[in-house]
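These notes are about the structure you will find just below.
Where a number appears in this text, it was derived from the coordinates with a stated rule and is not lab data. Quantities reported herein were computed from a predicted structural model and do not represent experimental measurements. Backbone-built Cβ (ideal geometry, glycine too); neighbour counts: all protein chains shown.
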Amino acid sequence: MTDARFPVARPRRLRRTAAMRRMVAGTRLHPADLVLPMFVKEGVTEPVPVGSMPGVFQHTRDSLRKAAHEAAEAGVGGLILFGVPAVKDARGSAADDPDGVVQKAVADLRADLGDALTIMTDTCLDEFTDHGHCGVLTPDGEVDNDATLERYASAAVAQARAGSQVIAPSGMMDGQVGAIRAALDADGFSHIPILAYSAKYASAFYGPFREAAECAPQFGDRNAYQQDPAGPIGEALREVRLDLAEGADAVMVKPALPYLDILRQVRDSVDVPVAAYQVSGEYAMVEAAAANGWVDRERIIMESLIAIRRAGADMILTYWATEVARRLS
Ligand code: PBG
């Protein structure tokens, strides 16, 4: 027997047509929300494909300019630059060398693009150290927090002098935002914002990045400075709070999709822009599955970005930024 009164509510009414669904959508993506991470490698004459990240390259200075121009044309909001120097050493000297690969590339991009999109730099040492850790080491082989702060401060100033418009410290040293803020202010860059990688987990999802940036640690791992995925409840919010107290202008959660709970907590607890980094392993998994014909590549890309946005990200760092921006417009 059917009861004529039911169903009382019919949520399906608002899902009947694409136009209807579009009209009632609560989450939208816009090209300007997207940030493209890019790699530039010193001393190469052709872009080098990253094997574990199909479609991603270690750029030459010239191919970087071209790809950055394409991102700007597509309406991408910003890019964040990572450099692979020709020579690495224990202290990561190339990180703050005025002629270092990142500094030169930033200057190129600013000359080409001006303010067409926001040009940001990752501030860390792992791409520049021969041991692959994110800081300088003590004689015992531990990462020396406070000695590393001086290196970060110097690298941030070098990046700002080259024209970087946002400094993004990613090394998870205690006090890094404050140290960088003080150094920038002292060098005449009080107007340059800091996007802090505040809640950054020690994640296997960074695997392909370490090929792209040639920065796999030569011994040990990053577990003594990046956050434990199973770490204390509230740890991410504490890191965010500390970074804001030290002067961060925006904060980041990383990786993205496996940490949507953290992203939502952070979004609900701050009144600054929140970024999420859809990292290399998130990218590689989708590309690999799609290459096998196991998933619908475009739908997975869009669904994952919508999920990250819905969890509270204002900005999303994604290797698909240019492609998605084109699709959106
Ligand atoms: C550190 C840094 C890393 C990533 C961004 N900045 C590597 C790490 O912390 O081990 C990873 C990004 C990605 O996986 O896409 N400079």
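In order along segment 93-109, the phi-based Karplus estimate (6.51 cos²θ - 1.76 cosθ + 1.60, θ = phi - 60°) of 3J(HN,Hα) comes to 4, 5, 5, 10, 5, x, 9, x, 4, 5, 4, 5, 5, 4, 4, 4, 5 Hz; Gly and Pro are listed as x. Hey, for a label at ALA19 modelled as a point 7 Å past Cα toward Cβ, could you say which residues of segment 289-329 have their backbone N under 12 Å away? Label zone hits: none.
Computed from point charges on the beta carbon alone (+1 for Lys and Arg, -1 for Asp and Glu), the dipole magnitude for segment 29-328 about its Cα centre is near 700 Debye. Across segment 149-165, coupling constants 3J(HN,Hα) worked out from phi with the 6.51/-1.76/1.60 Karplus curve, θ = phi - 60°, read 4, 5, 5, 4, 4, 5, 5, 4, 5, 4, 5, 5, 4, 6, x, 4, 9 Hz, and Gly and Pro carry x.
How would you rank TRP294, TRP320, going from fewest to most other Cβ atoms within 10 Å of each one's own Cβ?
Working: TRP294 9, TRP320 24.
Fewest-to-most Cβ neighbours within 10 Å comes out as TRP294, TRP320.
Farthest toward the positive end of the dipole of the chain, out of ILE262, LEU14, SER329, is the Cα of LEU14, where the dipole comes from beta carbon charges about the Cα centre. In the chain, taking the dipole from charged Cβ atoms about the Cα centre, the farthest positive-side position among ALA275, MET173, GLY141 is held by ALA275.
For the pair segment 109-150 and segment 267-314, the centres of their Cα atoms are 25 angstrom apart. The DSSP beta bridges internal to segment 29-328 are antiparallel in roughly 10% of cases. Helical content alone sets the calculated 222 nm signal of the chain at -11500 deg cm²/dmol, taking -39,500 (n - 2.57) per DSSP H segment of four or more residues and averaging over every residue. Estimated translational diffusion coefficient (Stokes-Einstein, Kirkwood radius over Cα pairs, 10 °C, 1.306 mPa s) of segment 29-328: 84 µm² per second. Here the calculated FRET efficiency for ALA245 and ASP140, from their Cβ-Cβ distance with R0 = 51 Å, stands at 0.95, rounded to the nearest 0.05.
Sorted fewest first by neighbouring Cβ atoms within 10 angstrom, LEU195, LEU79 come out as LEU79, LEU195.
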